[in-house]
Amino acid sequence: MTYYILFFIQVGSRRVHIAGMTPHPNGPWMTQMARNLTMEEWGFLTPDQHVIHDRDTKFCSAFRETIKAAGVRLVKLPPRSPNLNAHAERWVRSVKEEVLSRLILFGEDALRQVLKEYGTHYHQERNHQGKGNGLLMALAHRKTLGTNPIRSRERLGGLLKYYNREAA
């Protein structure tokens, strides 16, 4: 079964937010996702932000109106222009190549767990060339340089690996 994943990237920080996933992204589901994204308590879209999206019919008028009502500006990409949304295209390519094409997943729960693990790896453990080969959200203990031994850690059964120095 094919699942559709609705995600957003904050371009400046490269932080990825997975809004939801479904095998059938219809209008009511997309509208509910828009409501969730703009909720004051736990939504991450706030007024004066921009959402850049392609021309997929899944971005229905109810979705667009809900986002606009929250004060978020929508920017629709021109037809056949994947290079204008390069950050999103790169994230899709990375998650497919590094994880999804190497696993056989059985159901939505497995997909959700894999995306959660990859999200942690992507944000805290994976170097990003576009950000000076650094980590997006480096933890404080990883910034210290020293002579302590380097330790290897794994995620998803060794599919994702990262290295850091042991604490003193």
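Only the coordinates and a few stated rules stand behind these numbers; no lab work does. Because the structure is predicted, anything quoted here is derived from the model rather than measured. In this analysis, Cβ positions are derived from the backbone assuming ideal geometry, glycine residues included, and neighbour counts consider all displayed protein chains.
Details
- Inter-probe distance in nm under a simple model that places probes 7 Å from Cα toward Cβ, at GLU41 and GLU166: 4.5
- Rg over Rh [alpha-carbon atoms, Kirkwood Rh] for region 4-98: 0.93
- Its residues counted as N, the chain yields a C-alpha radius of gyration over 2.2 N^0.38 Å of 1.17.
- Sorted peptide list for 101-111, 84-94, criterion being average Cβ within 10 angstrom, highest first: 84-94, 101-111
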